[in-house]
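> Structure below; questions to follow.
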Amino acid sequence: MAVEVVADSATTGPLDDARAQLAFAIEHLGYGEGIHTLLATPRRELTVSVPLRRDDGGTEVFIGHRVQHNFSRGPAKGGLRYSAFVDLDEVRALAMWMTWKCALVDVPYGGAKGGITIDPTRYSDAELERVTRRYTSEIMPLIGPTQDIPAPDVGTDERTMAWIMDTYSVNVGHTVPGVVTGKPLALGGSLGRASATSRGVSHVALLALEHRGRAASRSTAAVQGFGKVGRDTARFLAEAGVRVRAVSDVTGAVFREDGLDIRALMRHVDTTGHVAGFSGGEAIDGEELLELDVDVLVPAALEGVLTEANADRVRAGIVVEGANGPTTKAADAVLRERDVLVVPDILANAGGVVVSYFEWVQANQAYWWTEAEVDDKLRRRMTSSWRAVLEYADRAHLSLREAATCMGVERVWEAHRLRGLYP
Ligand code: NAD
């Protein structure tokens, strides 16, 4: 089977972008079409219906997916997304990126992703619990601590992970903390996991600033998204001395030339539930945030926000991808042409999966590390990955994304080659 790869700028979604990135790596590495097809094709996909008994007695049915893209290097690993926009192709793209990400930061996992097409804001906690438990029981044959380990993503959190862990454990008859990561601490979660993705994003952003000869204390940033990733990224950048000029969420964006008081903004969001209405800055349009005069732009919300239509108006010299797939293939080309340094998602936001790995190791051993140990190990892993990608990119005259993808693909293929093809 030949893999259909979109070769020009007419990309239509994250799966096209993910496939185009893989196609580039395959060509650069000199691999043949057979290897390309093997690495482009998810190993397993399961689509399930998830019936929900509503609180009012009615019934609704949602569609859920779990895609295991590859497990040559270990069990599949990847988040679970609850969003009205989830579809199978998006889940496939996110699963493929997880494969390269895990290989790039050298955690012994393959890549997976899951999702349910549901807007979680429209359902009660009790309904979300029933949806989660039913979805878990539907995908039970695929998941497990040595098979596939879900974690939080957009629209899910540690509470979701607790429900999955409990449903799985009840069904197998004993408690299995290693079946998910991003759990509450009381159930075997890891210290430092909740902020790990953000810690990694901000750490890599500071390394990128240093690489471009900029001191943090003289730099500015804008962060799109104020959820699990964006919120602490803004906080860590501000704590490092960076003036975070703008932040947004789905309700709006706020701007302050001299830098927002991120702690005050966090309190405002804790009270009101959203960024809009924060009195410590002026309201701006969410789109405008992407084009602000800042040193670092951190898209940390959705995929496909930097496109051919706005990439030439991005004024930041560095884009650090907190979200997965925020830059389309066409935008990537424009940014590169304009010498904007793009730190790709599979490197920039890998802190989450690194500490998920630490959580899994701790849960499997029932032995817990201190937060300082976790943070220190994370920092070292992110720094060495950054340096390795930078060196590879310099040596091979590639962008950081091309270099990171090539490194991930190379490691996955190496594992596959050594294992051999069964039968
Ligand atoms: P989340 O649901 O906690 O937060 C998403 C945030 O984006 C919210 O603040 C939401 O209001 C905001 N948002 C939505 N639409 C927006 C828009 N149009 N403009 C501005 N803001 C908007 O999700 P998250 O876990 O923070 O994930 C965000 C991204 O980071 C996703 O791409 C996810 O795949 C990726 N990611 C998450 C993790 C993790 O550990 N949670 C790890 C790696 C990558």
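> For the stretch 224-290, which helices (runs of 4 or more DSSP H) that fit wholly inside it have 1 or more residues that are over 19 Å from Ser195 (Cβ atoms)?
262-272, 286-289
> A further question follows. Taking the condition of being within 11 Å of the ligand (Cβ to nearest atom) and without any contact (Cβ under 8 Å) to a residue 24 or more places away in the chain, how many residues in the stretch 225-273 meet it?
Selection size over the stretch 225-273: 1.
> Quick check, is Glu291 surrounded by fewer than 19 Cβ atoms within 10 Å (Cβ to Cβ), away from the ligand (no atom under 14 Å from the Cβ) and either closer than 22 Å to Val154 by Cα or not small (Gly, Ala, Ser) (or both)?
Answer is no for this residue.
> Please go through the stretch 53-66 and give me each residue that is part of a strand (DSSP E or B) and either of a type in the set (Lys, Arg) or farther than 10 Å from Tyr135 by Cα (or both), ordered by number.
Passing the criteria: Arg53, Thr59, Glu60, Val61, Arg66.
> Also, quick follow-up: Of the residues that sit in the stretch 294-330 and are within 16 Å of the ligand (Cβ to nearest atom) and among the acidic types (Asp, Glu), which one is surrounded by the most Cβ atoms within 10 Å (Cβ to Cβ)?
Restricting to residues being within 16 Å of the ligand (Cβ to nearest atom) and among the acidic types (Asp, Glu), the top hit is Glu321.
> Separate question: I'd like to know if the stretch 212-221 contains one or more residues that are among the hydrophobic types (A, V, I, L, M, F, W, C), surrounded by fewer than 24 Cβ atoms within 10 Å (Cβ to Cβ) and either assigned to a loop (DSSP other than H, G, I, E, B) or more than 13 Å from the ligand (Cβ to nearest atom) (or both).
Yes: one or more hits.
> Suppose we filter the stretch 9-49 for residues that are more than 19 Å from Gly325 (Cα to Cα) and open to solvent by less than 30 Å² (accessible area, probe 1.4 Å); how many remain?
Residues in the stretch 9-49 being more than 19 Å from Gly325 (Cα to Cα) and open to solvent by less than 30 Å² (accessible area, probe 1.4 Å): 4 in total.
> Can you tell me which residue among Arg122, Arg134 is within 16 Å of the ligand (Cβ to nearest atom) and at pLDDT 95 or above?
Result: Arg122 is the single residue among Arg122, Arg134 that is within 16 Å of the ligand (Cβ to nearest atom) and at pLDDT 95 or above.
> Quick check: is even one residue across the stretch 176-193 open to solvent by less than 10 Å² (accessible area, probe 1.4 Å), within 14 Å of the ligand (Cβ to nearest atom) and under 21 Å from Val342 (Cα atoms)?
Within the stretch 176-193 (the criterion being open to solvent by less than 10 Å² (accessible area, probe 1.4 Å), within 14 Å of the ligand (Cβ to nearest atom) and under 21 Å from Val342 (Cα atoms)), the answer is no, since none of the residues qualifies.
> Across the stretch 50-106, which residue is surrounded by the fewest Cβ atoms within 10 Å (Cβ to Cβ) among those that are closer than 20 Å to Asp119 by Cβ, in contact (Cβ under 8 Å) with a residue 12 or more places away in the chain and of a type in the set (Val, Ile, Thr)?
Val61
The values are calculated or read from the model by the stated rules, or taken from the named source; none is laboratory data. Keep in mind it's a predicted model, so treat the numbers as computed, not measured. Please note: Cβ atoms are built from the backbone with ideal geometry, for glycine as well, and neighbour counts cover all protein chains shown. Heavy atoms of the whole protein, side chains included, go into the accessibility calculation; ligands, DNA and RNA do not. Shrake-Rupley method; radii C 1.70, N 1.55, O 1.52, S 1.80 Å.
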